[in-house]
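The block underneath contains the structure these notes are about, expressed in structure tokens.
The values are calculated or read from the model by the stated rules, or taken from the named source; none is laboratory data. As the structure is a computational prediction, the values presented were derived from the model and not from experiment. Don't worry about glycine lacking a Cβ; one is built from the backbone with ideal geometry, like all the others, and counts go over all protein chains shown. These area figures cover heavy atoms from the full protein model, side chains too; ligands, DNA and RNA do not enter into them. Shrake-Rupley method; radii C 1.70, N 1.55, O 1.52, S 1.80 Å.
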Amino acid sequence: ERRRILVEWNDTSRDYPYHKCIHHLFESRVQRTPDAPSVSSDGHLWSYRDLNVRANQLAHLLRKKGVGPDVVVGLMMDRSPEMVMGILAILKAGGACLPIDPEYPEERILTMLNDSRALLLLTKEKLIGHGFSLHSRLPGAAREVLMLDRMEDVLARQDVANPEGMNRGTDLAYVLY
């Protein structure tokens, strides 16, 4: 009985597909249970299929804007389905996610974006605020701020298929400060 409790019941080791990236595992889940609930907030419920389609559309747009392996993308979001979509989209595009808390002071946000050499910042208009001077203070013409709450039409025109994989397990996935 002691052996069963301490050894057999605790034998939880399982084969894990270390060769797959997290977004590939998510896509496998979408295939198995496309209509199951994945994220919800404020009365809105997204199925795995809904989340995957939205993340794919954003990933295709990110690729068009130059995101690929080891390219850092800032993600300044509140805790919402769009935050999950943003993380998945950045990974599906091959990029690395730089999560940024919208409550951080402007100087910290700018330091993180500049120090990481983030190509883009994904956010929502309501999180930028009127006094936030991000556009004028980011060096380099390639830097761009994408406000997801203003991009419904642009995203709707993007491909909904899973982007062709560019990632390897050794590529940068995220940057934390």
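Can you give the charge dipole size of the chain about its Cα centre, rounded to the nearest 20 debye, using +1 on the beta carbon of Lys and Arg and -1 on the beta carbon of Asp and Glu?
Numbers: 23 positive and 24 negative charges, 80 e Å.
About 380 debye.
How much of the DSSP beta bridge set in the chain is antiparallel, as a percent to the nearest 5? Present the calculation step by step, with values, prior to reporting the outcome.
On the way: 4 of 17 bridges.
Expressed as a percentage, antiparallel bridges in the chain total about 25.
Of all the accessible heavy-atom surface of region 36-177, with the other protein chains kept in place and a 1.4 Å probe, what percent is carbon and sulfur?
Working: 3680 of 7410 Å².
Roughly 50 percent of what the probe reaches on region 36-177 is carbon or sulfur.
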Taking the full set of protein chains and a 1.4 angstrom probe, give the accessible area of Y177 in square angstrom, rounded to the nearest 10. 110 Å²
What list of ³J(HN,Hα) couplings, whole Hz, do you get for region 5-16 from phi and the Karplus terms 6.51, -1.76, 1.60, once you set θ to phi - 60° and write x for glycine and proline? 5, 7, 10, 5, 5, 9, 7, 9, 5, 9, 5, 10
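Charges only on Cβ, +1 for Lys and Arg, -1 for Asp and Glu: so what's the dipole of region 17-116 about the Cα centre, in debye to the nearest 20? Mind dumping the intermediate values first?
Values: 11 positive and 12 negative charges, 131 e Å.
Charge dipole, region 17-116, about its Cα centre: 620 debye, nearest 20.
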If amide H atoms are modeled at 1.01 Å from N in the peptide plane, then the residues at a separation of 5 or more from L75, or on another chain, having amide H under 5 Å from its own are L98, I100, L122
Among P105, V67, H19 - extreme Cα towards positive end, dipole of the chain, charges at beta-carbon: H19
Length added when fully stretched, Y104-V7, from 0.36 nm per residue minus Cα-Cα: 30.3 nm
